[in-house]
Amino acid sequence: MNDAIKFDICCAARILFRAGLSVANAGHLSATVGANQMLVNRFGPSFATLTPRDILLCDFEGRILEGDGVVNDTIALHGTIHRYNPHAVAVAHTHPPAVVTFSAFRQVPEIFDQESCILAGDVAIVEEDYEGLAASEERNRPLAEAIGKSRAVILPNHGAVTSGPNIQIATSTMLLLEGMVQRNLSVAMTARATGLTPKPIAREAALRAKSEIAQIPFLQPLWQDLLMRLQKSDPELLELRPKSAAA
């Protein structure tokens, strides 16, 4: 089972890299696999090159239980989130460029398109100034509490954290969040250029669309499509796919 999750974490990392949502070797992807245990990428490799051997088994304090490599202090962010939110099985933290830009405004993005409706009522921002690396439970607690209420949380001047019952949903949420923010930025630029006033989708309509879209089993076909793209761009990773990996 852990081999399949390790592979999925690597696929998620490559997908986020190919979408331009990672910066150098910053960021972590994690998934709980037992009481006080999580799989997480080791420090060093970027999302672009991650392979299953780069995935370590750690406890929530960041102590390595299995695997070769090291983790940096910011792994405490994931341990704190998992400890406070048992439902957040998978957590993605990275620095999507549009989200980082928008985070400077300390605002939750508006909903301007159908895809963004999927995140209606599910995006929050931590109302704290950037004070350095998220490397202590005291500093991470507000984020952990926010993740308990919203599956996508923007960190001012930093990046974003998304969560879900599996790494596929956490990754898809990060992709959706970046797309949502990109739309906000493009709408703002268009409004400034034209002098027109944009009109977001009403909250009630967005929540209704979210409920309707939830009835469509889109996640598995979407994930398969993303894996097909990786087959073309990252074939060496797909060759490492274990038989137990999710289809």
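The values are calculated or read from the model by the stated rules, or taken from the named source; none is laboratory data. Given the structure is predicted, the values throughout are model-derived calculations rather than measurements. FYI the Cβ positions are ideal-geometry reconstructions off the backbone, even for glycines, and counts take in every protein chain you see. The accessibility values were calculated without ligands, DNA or RNA, using every heavy atom of the protein model including side chains. Shrake-Rupley method; radii C 1.70, N 1.55, O 1.52, S 1.80 Å.
Observations on the structure shown:
- Cα-Cα over 23 Å, subset of 6/243; 6/232; 6/210: 6/210
- Pairwise label distance in nanometres, residue 141 with residue 216, each label 7 Å out on the Cα-Cβ vector: 4.2
- Helix-only mean residue ellipticity at 222 nm for the chain, each DSSP H run of n ≥ 4 adding -39500 (n - 2.57), per residue, nearest 500: -13000 deg cm²/dmol
- Stretchable slack from residue 65 to residue 107, in nm (0.36 nm times residue separation minus alpha-carbon distance): 11.2 nm
- Extension gain for residue 114 to residue 73 (0.36 nm times residue separation, less C-alpha to C-alpha distance): 10.9 nm.
- In the full protein context, the stretch 1-152 carries 43 Å² of accessible surface per residue, based on a 1.4 Å probe and ignoring ligands, DNA and RNA.
- The relative contact order of the stretch 1-107 comes to 28 percent, based on Cα pairs under 8 Å that sit 6 or more residues apart.
- Burial order of peptide ranges 181-191, 141-151, 219-229, 81-91 (average beta-carbon count within 10 Å, highest first): 81-91, 141-151, 181-191, 219-229
- Share of carbon and sulfur in the accessible heavy-atom surface of the chain [1.4 Å probe, %]: 54
- Two-site FRET efficiency, residue 157 against residue 199, from Cβ-Cβ distance with R₀ of 25 Å, rounded to 0.05: 0.30
- When you count the other C-beta atoms within 10 angstrom of each residue and take the mean per peptide, 53-59, 210-216 line up highest first as 53-59, 210-216.
- Spin-label model, residue 190 to residue 229: label points 7 Å out along the Cα-to-beta-carbon direction sit 2.2 nm apart.
- Mean Cα-pair separation over length for the chain, i.e. relative contact order, pairs under 8 Å, 6 or more apart, %: 23
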